[in-house]
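Peer 1: Pasting a structure below so you can have a look.
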2 protein chains.
Amino acid sequence: MEIGAFQDLMLRTYGERDSKRGVAATVAWLAEEVGELARAARKGTREEQLHELGDVLAWLASLANQLDLSLDDAARRYGGGCPRCGAMPCTC
Amino acid sequence: MEIGAFQDLMLRTYGERDSKRGVAATVAWLAEEVGELARAARKGTREEQLHELGDVLAWLASLANQLDLSLDDAARRYGGGCPRCGAMPCTC
């Protein structure tokens, strides 16, 4: 799936609720989901890890929608390799 | 950009370092980047917010690589709308 298509899917699925909730609450939800992913990475099944990876990605896209920014634009910063050293693989 | 292409880009750019670092350290870096995104969302410029969105996405992809899981598979859970209620927009 395209990153932009996923972000648009999140807008259509959760956009109205996101805009009512506001940025701070969306950041709080993202943090909570990162916690669930951390736990799943440590002791979860592969299915649970996949589930939590998807939830973090979804909240990240919701936050990008709230901020009116494109996750695809954000990803492009890495398009030429490491944005710090410019190499692929990174040599930082 | 495709989600899978971005994850592959992260593998080629950071995969060797990621595998040496291990899952726990990758989770720690992801958490740190979420903190930087939270700060940027509160008081950063649009450019800083975009930068931090990209960094969180990059660390999320690195963690998926470490766990040998596909972010694209994770995203597909949302392909039919909200995975909880099955509706688009969500009616949970």
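What follows draws every value from the coordinates through simple rules; no lab data is involved. Just so it is clear, the model here is predicted, and its values are computed rather than measured. Here Cβ is always computed from backbone atoms with ideal geometry, including for glycine, and neighbour counts include all displayed protein chains.
Peer 1: Per residue of A:59-65, how many C-beta atoms from partner chains lie within 10 Å of its own C-beta, taken as a mean?
Peer 2: Values: counts 2, 6, 4, 0, 8, 7, 0.
For peptide A:59-65, the averaged partner shielding equals 4.
Peer 1: Sorting check: for A:19-31, A:66-78, which peptide has the highest mean count of neighbouring beta carbons within 10 Å, and how do the rest follow? Write out the running numbers ahead of the final one.
Peer 2: Working: A:19-31: 15.2, A:66-78: 18.5.
Per-residue mean Cβ counts within 10 Å order the peptides as A:66-78, A:19-31.
Peer 1: I've got another one for you. What residue among A:Gly15, A:Gly79, A:Gly44 shows peak mean-square fluctuation when chain A is described by a Gaussian network model with Cα springs under 10 Å?
Peer 2: Among A:Gly15, A:Gly79, A:Gly44, the largest GNM mean-square fluctuation belongs to A:Gly79.
Peer 1: Taking the label point 7 Å from Cα in the Cβ direction, how far apart in nm is A:Arg39 from each other copy of itself, listed shortest first?
Peer 2: List, nearest first: 2.8 nm.
Peer 1: Can you tell me the equivalent ellipsoid semi-axes for segment A:21-61? Use √(5λ) from the Cα gyration tensor, largest first, whole Å.
Peer 2: Details: eigenvalues 87, 19, 5 Å².
Listed largest to smallest, the semi-axes of segment A:21-61 are 21, 10, 5 Å.
Peer 1: If you don't mind, there's one more thing I want to ask. Explain nothing, just the number: dipole magnitude of chain A about its Cα centre with +1 on each Lys and Arg Cβ and -1 on each Asp and Glu Cβ, in debye rounded to the nearest 20. Intermediate values should be presented prior to the final figure.
Peer 2: Working: 11 positive and 14 negative charges, 62 e Å.
Magnitude of the dipole: close to 300 debye.
Peer 1: Another one. So how far apart, in nm, are the two label points at A:Met88 and A:Glu36 if each is 7 Å from Cα heading toward Cβ?
Peer 2: 3.3 nm
Peer 1: Which whole-number percentage describes the relative contact order of chain B, with Cα contacts under 8 Å and a sequence gap of 6 or more? Present the calculation step by step, with values, prior to reporting the outcome.
Peer 2: Details: 69 pairs, mean separation 31.0, N = 92.
Relative CO of chain B lands at 34 percent.
Peer 1: Turning to a different aspect of this structure: Select from A:Gly4, A:Val27, A:Gly15 the residue farthest towards the positive end of the dipole of segment A:1-47; place +1 on Cβ of Lys and Arg, -1 on Cβ of Asp and Glu, and compute about the Cα centre.
Peer 2: My answer, from the dipole projection, is A:Val27.
Peer 1: 7 Å from Cα along Cα→Cβ at both A:Asp68 and A:Arg21: what's the point-to-point distance in nm?
Peer 2: That separation, rounded to one decimal, is 2.0 nm.
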